[in-house]
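A.B. asks: Sharing a structure here in structure tokens format.
The values are calculated or read from the model by the stated rules, or taken from the named source; none is laboratory data. Please read these numbers as outputs of a predicted model, since none were measured by experiment. Here the Cβ is made from the backbone with ideal geometry for all residues, glycine too, and neighbour counts use every protein chain on show.
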Amino acid sequence: MREQTSGQLGVMRENRSILNVDATHAHALVVEDSPVDAQKIVDSLDRDADTADIATSVDEAHERLAFTQYELVIINLRLAAGDALRLCSHIRAAESTRHTPLLLTVEEDDTNRLTKALDIGINDYLIKPIDKQELLARVRTQIRRQRYQEKLRENYERSLAMALTDSLTGLYNRRYLNAHLAGLVDRVRAGGKPLAVMMFDIDFFKKINDTYGHAAGDEVLVELSRRIGQNVRSIDTIARHGGEEFVVLMPDADYAVAGVVAERLRKSIVSVPMAVRGGPEKGLNVSISIGVAMFDFDIDSVESVLHKADQALYFAKHHGRNCSAG
Ligand code: GH3
Ligand code: MG
Ligand code: MG
Ligand code: MG
């Protein structure tokens, strides 16, 4: 957990300034039907550090784009073979190239079409005749911006995953559970289907920690999570609700189905001892107690159905543990 957190902060710190982003070693596609201009563009890129492919028509550009991930595309707006503007909008619309920087080379009097191109979302343009220094500067700016944004996107996705999942087990956390359950209630209600909520808790988990250590306890949590995944249905949502307490949301499951799944899960835990480092040679006997509640669409809320499941779990705990109740 600590490692992941500092790794995350490390990435953020490293990206704090866009000026720190290396913008060399770019791979570009040059869509240009004038051999002279194409050569000029390729020459203005750094020959040692950058690479470029040349396409002389829109069709050829499409072919190249289908097979290669480019970091930048430079397009001649006056391309004779094919519509350069349509190529730009295609690049902007396609999932794989949505964020790829687009640089246009234009003539002084291309104002109308240039306006359209800017509207489509090109990133920059260069008025011909091509000035090599200027082109290189604009290319570097786009590459740097793109690489910076890519890192921000990655950080964002990682943060989102960290905010909604539990780092030990990889399961969803309570925050995700509550939000997801609220949405699920609306969907299941609209479909007229039942919704079951299962809550369970490891029996005498404190004793496992006390006897074999906290790390062994963690191993049990991880192994338990794996078995939950194997024994609930693929449409069910599994969350770690608290320390050693879990919740499974079961859309489309009536009380009988939920009971069958609960018993299957309980047996899958208790019937096979868990191999734990520093634990008993034959494996550690672990059991869980389970509470099942049905969502009553007339009266229940997210809170009240979780409370009902918790009550059922409490009942199971006080009726000998290693059992399910509802
Ligand atoms: P019961 O059968 O009544 O549920 O008894 P119990 O011992 O399982 O319940 P109790 O609530 O007394 O203890 C739960 C323990 O779970 C206490 C806490 O230290 C431990 N725990 C909570 N989160 C973690 C975790 O992430 N890792 C480990 N190893 N232990 C945890
Ligand atoms: Mg417990
Ligand atoms: Mg508990
Ligand atoms: Mg509880």
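A.B. asks: Look at R264 and say whether it is modelled with pLDDT under 95 and either among the acidic types (D, E) or assigned to a helix (DSSP H, G or I) (or both).
C.D. replies: no
A.B. asks: Here is a further query. Restricted to the range 226-242, and to residues that are under 22 Å from H214 (Cα atoms) and at pLDDT 95 or above, which residue is nearest to ligand 1 (Cβ to nearest atom)?
C.D. replies: My answer is R240.
A.B. asks: Of the numbered conditions (1) touching a residue at least 40 places away in the same chain (Cβ under 8 Å); (2) surrounded by 14 or more Cβ atoms within 10 Å (Cβ to Cβ); (3) under 21 Å from the mean Cα position of the chain (by Cα); (4) more than 16 Å from ligand 4 (Cβ to nearest atom), L168 fails exactly one; give the number of that condition.
C.D. replies: (2)
A.B. asks: Quick check on the range 291-324: of everything there that is of a type in the set (A, V, I, L, M) and more than 14 Å from ligand 4 (Cβ to nearest atom), which residue is surrounded by the fewest Cβ atoms within 10 Å (Cβ to Cβ)?
C.D. replies: Ranking the qualifying residues of the range 291-324, first place goes to I299.
A.B. asks: Among the residues of the range 57-68, is there at least one that is part of a strand (DSSP E or B), modelled with pLDDT of 95 or more and under 25 Å from D22 (Cβ atoms)?
C.D. replies: no
A.B. asks: Right, another one. Looking at (1) more than 16 Å from ligand 2 (Cβ to nearest atom); (2) assigned to a helix (DSSP H, G or I); (3) of a type outside the set (S, T, Y); (4) within 22 Å of N285 (Cα to Cα), can you tell me which one V272 breaks?
C.D. replies: Failing condition for V272: (2).
A.B. asks: Applying the selection to the range 271-290, what residues are away from ligand 3 (no atom under 16 Å from the Cβ), of a type in the set (V, I, T) and surrounded by 15 or more Cβ atoms within 10 Å (Cβ to Cβ)?
C.D. replies: Answer for the range 271-290, where residues must be away from ligand 3 (no atom under 16 Å from the Cβ), of a type in the set (V, I, T) and surrounded by 15 or more Cβ atoms within 10 Å (Cβ to Cβ): just V276.
A.B. asks: What about D37, is it part of a helix (DSSP H, G or I) and surrounded by fewer than 19 Cβ atoms within 10 Å (Cβ to Cβ)?
C.D. replies: yes
A.B. asks: Looking at S289, S324, which is the one that is in contact with a helix residue (DSSP H, G or I) (Cβ under 6 Å, 6 or more places away or on another chain), under 17 Å from K206 (Cα atoms) and among the hydroxyl-bearing types (S, T, Y)?
C.D. replies: The unique qualifying residue is S289.
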